[in-house]
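Trainee: Here it is, the structure, as structure tokens.
The values are calculated or read from the model by the stated rules, or taken from the named source; none is laboratory data. Note that this is a predicted model, so its numbers are computed, not measured. Cβ placement follows ideal geometry from the backbone for every residue including glycine, while neighbour counts extend to all protein chains displayed.
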Amino acid sequence: MDQDNDNQEHMTEGEDKQTLTTRQGQPVKYNQNLRTIGSRGPATLENYHFLEKMSHFDRERVPERVVHARGAGAHGYFESYGKVGDEPISKYTRAKVFQDAGKHTPVFVRFSTVIHGKDSPETLRDPRGFAVKFYTEDGNWDLVGNNIKIFFIRDAIKFPDFIHSFKPDPITNIQDPRRQFDFVTQNPETLHMITFIFSPWGIPANYRHMQGSGVNTYKWVNKDGEAVLIKYHWEPKHGIKNLTQEEASEIQGKNFNHATQDLYEAIENGDYPEWELFVQILSDDEHPELDFDPLDDTKIWPEDQVPWYPVGRMVLNKNPDNYFAEVEQSAFGTGVLVDGLDFSDDKMLQGRTFSYSDTQRYRVGANYLQLPINAPKKHVATNQRDGQMTYYVDGAEEQNPHVNYEPSGLDGLHETNAPKKEYTPHVEGNLVYESIERTNDFKQAGDTYRAFDHTERDDLINNLVSNLSMCNKDIQQKMIDMCTKADEDYGRRLAEGLEQHTDRATESEAVREADQKGHRTDSY
Ligand code: HEM
């Protein structure tokens, strides 16, 4: 039935397709004034259109993401190269998205900042989220990454504490370096990430000029059911650009949406952002030869020990039509994998995998996967039913409508019969509450510090000093000790910076006191 024509036929004189209606389809006659007793009121309760209009408005927001609330998104495609170095990629993974050179898979990407709210400035010092949803022929695959290749902590149980300490103080509602650096100095594994975040790498110039990384260790599985460990990295075709604190403050004074605007305008102008996807591959074992554990997400897998291989590229060529429906309601998760891709035992990854869909059932609703942005672009057939906002029955045509369970002999859905060699890792050990052995918290923080150029080091020290100067002596000393363990020069410069800052502060305090007494000193 052609609904538009059918409705048009029934339109009353004076109405057309642009006539405002309620959600129930009734034409609206009065949209300027409430129905009131006399022109000065009071209003009456049977103002049905008003009540519907206002109560929908009252529900226009869903809870924002608990982290990564501020974001921008775009659509595009991923193109596979079909190989790893000179070898066919099928040697390592049977995931269809990677097979066949030139194969295109649609993607949706959401970039974000982490700590502050949905409308916070995009110039803040923070990791940037880089979440990619691949709508593959085998169902959806989400690669939920950040711009920096490592993370602050290595065990998921610490995530709520870490985030609490970086979020605003629960009393003042102000982000407080005393709380941040209290957590940091109690958890020395954070130093490597802190070294990146307090340098210009903590404020990427925009979303187009930043890298991305899966951060956690994943696995690839081939047709023989054999697995390797994998790290993913996105390299921007347009190069990397970061901001010093001074540059960021300058932008923030004029435009706090600069990254969203940059992404949107680049795509509108046909200057499509592009990244190349690289992987690092290690055999699936503990690698005792390395001075870190390959499942530790506070460590980079050094490129000279574990080479990078390009496996595809991604182009973003379409802006969302509806920010709320696509960007705000999009839901990514580390559990969203397809055949040929798998989890590793990385403890952060395992914890994350519970958290994402749990929060999304709360944030968006139990049926969040029926929303077009989250639904796979392939056939779906499940026995999941009902719940808030159920819109349709997945796979209704294929199924006897009376059968919403499995197994059944009455034309219900059934398990796949596709012949696949399962990957069945052997796991053995005592259940314990223990950290990994090779923590090695400081070496790579030192490597990263030494790899920075002068501007990056100067900005890092300045930013640390200005934040740590608000902390007590005990926290300052612990930070100096940690930085010294990473690199002597790093610790020395931080100590000197803090000392100079204290001298300057004491001097200005003396000047203030002298001023108050009416004898101004020359040193001001
Ligand atoms: C978003 C939890 C670590 C990257 C989120 C959200 C939660 C969460 C609850 C909000 C999701 C939503 O409302 O849709 C966690 C937990 C972690 C963890 C529990 C550690 C145990 C990480 C790490 C990365 C990361 C290591 C980087 C690889 C992201 C990104 C988003 C996000 C990019 C935003 C996704 C989007 O754009 O919708 N995380 N996270 N998270 N997380 Fe994590």
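Trainee: What residue, of PRO204, PRO127, PRO160, is without any contact (Cβ under 8 Å) to a residue 24 or more places away in the chain and within 16 Å of the ligand (Cβ to nearest atom)?
Mentor: Of the residues listed, the single one that is without any contact (Cβ under 8 Å) to a residue 24 or more places away in the chain and within 16 Å of the ligand (Cβ to nearest atom) is PRO160.
Trainee: Kindly list, by first and then second residue, each pair from a residue in region 9-37 that is free of Cβ contacts under 8 Å to residues at least 24 places away in the same chain and more than 20 Å from LYS53 (Cα to Cα) to a residue that is surrounded by 12 or more Cβ atoms within 10 Å (Cβ to Cβ) and not basic (Lys, Arg), limited to pairs with Cβ atoms under 6 Å and residues at least 6 apart or on different chains.
Mentor: GLU15/PRO27
Trainee: Could you list all residues from region 44-67 that are loosely packed, with under 12 Cβ neighbours inside 10 Å, more than 24 Å from GLY365 (Cβ to Cβ) and not hydroxyl-bearing (Ser, Thr, Tyr)?
Mentor: Once the filter is applied, which keeps residues that are loosely packed, with under 12 Cβ neighbours inside 10 Å, more than 24 Å from GLY365 (Cβ to Cβ) and not hydroxyl-bearing (Ser, Thr, Tyr), region 44-67 yields LEU45, GLU46.
Trainee: Right, another one. If we keep just the residues of region 227-237 that are under 17 Å from ILE148 (Cα atoms) and of a type outside the set (Phe, Trp, Tyr), which is nearest to the chain's Cα centre (by Cα)?
Mentor: Among those residues, the one meeting the criterion is HIS233.
Trainee: So how many residues does region 320-349 have that are within 12 Å of the ligand (Cβ to nearest atom), under 15 Å from VAL109 (Cα atoms) and not in a helix (DSSP H, G or I)?
Mentor: 7
Trainee: Which of the residues spanning region 37-83 are among the aromatic types (Phe, Trp, Tyr), modelled with pLDDT under 90 and under 29 Å from THR359 (Cα atoms)?
Mentor: PHE57
Trainee: Tell me yes or no: at least one residue of region 477-486 is at positive phi and over 31 Å from the mean Cα position of the chain (by Cα).
Mentor: No, because not a single residue in region 477-486 is at positive phi and over 31 Å from the mean Cα position of the chain (by Cα).
Trainee: Moving on. Inspect all residues belonging to region 68-77 and state whether any of them is surrounded by 10 or more Cβ atoms within 10 Å (Cβ to Cβ) and away from the ligand (no atom under 16 Å from the Cβ). So that I can check it myself, show each step before the final result.
Mentor: Within region 68-77, the first condition is being surrounded by 10 or more Cβ atoms within 10 Å (Cβ to Cβ), and the residues that meet it are 68-77.
Those left that are additionally away from the ligand (no atom under 16 Å from the Cβ): 77.
Yes, some residue in region 68-77 is surrounded by 10 or more Cβ atoms within 10 Å (Cβ to Cβ) and away from the ligand (no atom under 16 Å from the Cβ).
Trainee: Looking only at region 267-319, filter to residues that are in a strand (DSSP E or B) and of a type in the set (Lys, Arg); which one of those is surrounded by the fewest Cβ atoms within 10 Å (Cβ to Cβ)? Break it down stepwise before answering.
Mentor: Start the filter on region 267-319 by keeping residues that are in a strand (DSSP E or B), which leaves 274-283, 308-318.
Pick out the ones that are also of a type in the set (Lys, Arg) and you get 313, 318.
Working: ARG313: 17, LYS318: 15.
Within region 267-319, the match that is surrounded by the fewest Cβ atoms within 10 Å (Cβ to Cβ) is LYS318.
Trainee: Answer yes if at least one residue in region 400-421 is of a type in the set (A, V, I, L, M), in a loop (DSSP other than H, G, I, E, B), out of contact with any Lys or Arg (no Cβ under 9 Å at 6 or more places or on another chain) and closer than 28 Å to VAL62 by Cβ, and no otherwise.
Mentor: So far as region 400-421 goes, no, none of its residues is of a type in the set (A, V, I, L, M), in a loop (DSSP other than H, G, I, E, B), out of contact with any Lys or Arg (no Cβ under 9 Å at 6 or more places or on another chain) and closer than 28 Å to VAL62 by Cβ.
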